[in-house]
Amino acid sequence: MSEIKKICCIGAGYVGGPTMAMIAAKCPGIDVSVVDINEARIAAWNSDTLPIYEPGLDELVIGARGKNLFFSTDVDAAIVDADIIFVSVGTPTKTYGMGAGKAADLCYIEGAARMIAKVAKGPKIIVEKSTIPVRTAEAIKTILEANSEEGTFQVLSNPEFLAEGTAIDDMSDPDRILIGGDPSDEGQAAVAALASVYGTWIPDDRIIRTNLWSSELSKLVANAFLAQRISSINSISALCEKTEADVDEVANAIGMDSRIGSKFLKASVGFGGSCFQKDLLNLVYLSGHFGLPEVANYWQAVIDMNEWQKERFSAKVVQTLFNTVRGKKIGIWGFAFKKDTNDTRESAAIYVCRDLLMEGANIAIYDPKVGAEQVYADLEYLGMERAKLEKQITFCDSCEEAASEAHGVAVLTEWGEFKTVDFEKIYEGMFKPAFLFDGRNIIDAELVREVGFDFYSIGKG
Ligand code: UDX
Ligand code: ADP
């Protein structure tokens, strides 16, 4: 393939939008079109209020939009023009049929592959960017070849490792770029073409080339290992609470062993986000599918520990508030699955709020980036009724408002602003005894205890 001039990305979500904005910014000679069937989403990408919040993203998009970065719903036109087509559509966990609750739902991937097959002419490089189960490339290839009259395709796997909230830094200076391709000459030429795009700003020794299946599996395994570290430290947090140990001190002590390392050892109310649970479930499903129940059970335990951590937190709140929260107001600080994002997918907050609402609590939510409609949608998805939710939930513009006349406050996202609020003022406005439950271990225990709070922090003896 000659020099890459045009790139198209199908799917303008948390992965497609930011990655394409970065490629456009780094490669002014390449035209990048991001397309999506969701008109509202595309309109938002073309407006002053982007559909996703990500530090540094606005500047990146505004700098390139209309020059070599375009957002459109004209999927066909973008496919026809492109040398490389990234597929960044969602791959949520299946909610129906075979593998429900475990396997990835590949209907969007298949839909995108069929769209490509229908209109593509000439040679195209198709890049799987979405997290997908191993051997999806093969399925994509089969669909393309069976349905296309004039196109020829090389399918590559190029999983994205960016984390939300730090996406721009992660993409500017990634630990590695992984490209999996077919070992044939054509396959390797496609790998080289994609590598040349990344090579504009990433040193070649950080671009790993593997076969397709290793690349696909590596993405699942990377997320599974990261999630496993969190479940491991969360399991220890429960043990710390039974002893005099402090989980942050333990994490620090073990993390200084260079063989262990210090990252992803922060005990919390549980990991969330669109990837960890989905990829673990996927790994469990694949292992079961290939007749490896021991492997499946091993990774299932990582999910189970995460579930338990969330339940344990909700139970702690209820028990501490004298075993009843019925009719009591509880302030919720943070609803996003982590700080610096407006994404709530699989956020621990959804489950903790669900538990407290089921116990009859009234909750007052403050999150700097998550709005009421998203919260309602997340809880309705769990089967809760909108009318009841509207009665039990209020939405607030500040930490103070959420805590006002509350019996307790639960910190569920580690937003920086929660560390520096005026705790004396918060305490004054609350019912006494006033409880503070820190699900993220970010609040200064000494400070808030001095103010008068009854304070609980995950994993503190
Ligand atoms: C993750 C991977 O990090 C990224 O490489 C992949 O591409 C997508 O999945 P993301 O889900 O955006 O990224 O965020 P991440 O920073 O990994 O956090 C995931 C969850 O784990 C969050 O809920 C976070 O709060 C939690 N977490 C993280 C902890 O509870 N403790 C930690 O030490 C780290
Ligand atoms: P991720 O976090 O993986 O980026 P998102 O759900 O945020 O996932 O984004 C995926 C996007 O892909 C959605 O905006 C959805 O509308 C889009 N999409 C799904 N199927 C197609 C398709 N066949 N053509 C174009 N866009 C699609």
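Laboratory data are not the source of any read-out in this text; all were calculated from the coordinates shown. What you are looking at is a predicted structure, and each value in this text was computed from that prediction instead of being measured. Neighbour counts are summed over all protein chains in view; Cβ atoms, including those assigned to glycine, are modelled from backbone coordinates with ideal geometry.
List the relative contact order of segment 315-461 as a percent without decimals, with contacts defined as Cα pairs under 8 Å and 6+ residues apart. Don't skip to the end; give the middle numbers.
Working: 265 pairs, mean separation 36.2, N = 147.
Averaging sequence separation for qualifying contacts and normalising by length gives 25 percent for segment 315-461.
Volume of the convex hull of the chain (Cα atoms only), normalised per residue: 154 Å³.
What number comes out for the charge environment of Phe435, summing +1 per Lys or Arg and -1 per Asp or Glu over other residues with Cβ under 11 Å away? Charge balance in the 11 Å sphere: +1. Straight-distance candidates among the lysines for linking to Lys388, with alpha-carbon spacing under 17 Å and chain neighbours fewer than 8 residues away dropped: Lys328, Lys329.
Taking only C-alpha pairs under 8 Å that are 6+ residues apart, what is the relative contact order of the chain in percent? Let's see the in-between values first.
On the way: 902 pairs, mean separation 56.3, N = 461.
Across the chain, relative contact order equals 12 percent.
Can you give me the angle between helix 107-119 and the longest principal axis of the chain, using Cα atoms only, in degrees from 0 to 90, rounded to the nearest 10? On a 0 to 90 degree scale, this one is about 20.
Take every DSSP beta bridge with both residues inside segment 87-220 and express the antiparallel ones as a percent of the total, to the nearest 5. Here the antiparallel bridges make up roughly 15 percent for segment 87-220.
Calculate how large, on average over all directions, the projected area of the Cα convex hull of segment 129-219 is; give the answer in nm² to one decimal. Before the final figure, lay out the partial values.
Numbers: hull surface 25.6 nm².
Spelled out: convex hull of the Cα atoms, projected over all directions, averaged, 6.4 nm².
Listed by chain and number, the lysines whose C-alpha is less than 18 Å from the C-alpha of Lys94, apart from same-chain residues fewer than 8 away, are Lys102, Lys278. Of all DSSP beta bridges confined to the chain, the antiparallel ones make up roughly 5%. Look at where the Cα atoms of segment 147-222 and of segment 96-142 average out, and the two centres are 16 Å apart. The residues packed around Arg206, meaning those with a beta-carbon under 10 Å from its beta-carbon, carry a net charge of -3 if Lys and Arg are +1 and Asp and Glu are -1.
Annotation for segment 389-443 versus segment 315-385: alpha-carbon center distance of 12 Å.
Taking a ≥ b ≥ c as the square roots of the Cα gyration tensor eigenvalues, segment 195-273 comes out prolate, since a/c reaches at least 1.5 and a/b is larger than b/c.
When the helix-only estimate is applied to the chain (DSSP H runs of n ≥ 4, each -39,500 (n - 2.57), divided by the residue count), what is the mean residue ellipticity at 222 nm, nearest 500 deg cm²/dmol?
Details: 18 runs with 206 residues, N = 461.
It comes out at -13500 deg cm²/dmol, rounded to the nearest 500.
Looking at segment 1-125, what % of the alpha carbon pairs are farther apart than 26 Å?
Numbers: 1828 of 7750 pairs.
The calculated P(r) of segment 1-125 puts 24 percent of pairs beyond 26 Å.
Treating each Cα of segment 123-178 as one equal point scatterer and applying the Debye formula with no solvent, the log10 of I(q)/I(0) at q = 0.20, 0.24 Å⁻¹ comes out as -0.77, -0.92. Helix 372-381 and the longest principal axis of the Cα set of the chain meet at an angle near 80°. Simple point charges give the picture: +1 on the Cβ of Lys and Arg, -1 on the Cβ of Asp and Glu, and for segment 186-241 a dipole about the Cα centre of about 60 debye.
Please go through the residue pairs Lys263/Lys425; Lys26/Lys141; Lys310/Lys369; Lys6/Lys266 and name each one whose alpha carbons sit more than 32 Å apart in this structure.
Working: Lys263/Lys425 34 Å; Lys26/Lys141 29 Å; Lys310/Lys369 22 Å; Lys6/Lys266 42 Å.
Over 32 Å apart, Cα to Cα: Lys263/Lys425; Lys6/Lys266.
The residues packed around Leu321, meaning those with a beta-carbon under 11 Å from its beta-carbon, carry a net charge of +2 if Lys and Arg are +1 and Asp and Glu are -1. Once the Cα atoms of helix 276-289 and of the chain are each reduced to a long axis, what angle between those two axes, in degrees from 0 to 90 to the nearest 10, is obtained? It is inclined by approximately 60 degrees. Taking the fewest neighbouring Cβ atoms within 10 Å as the starting point, the ordered list for Met256, Met20 is Met256, Met20.
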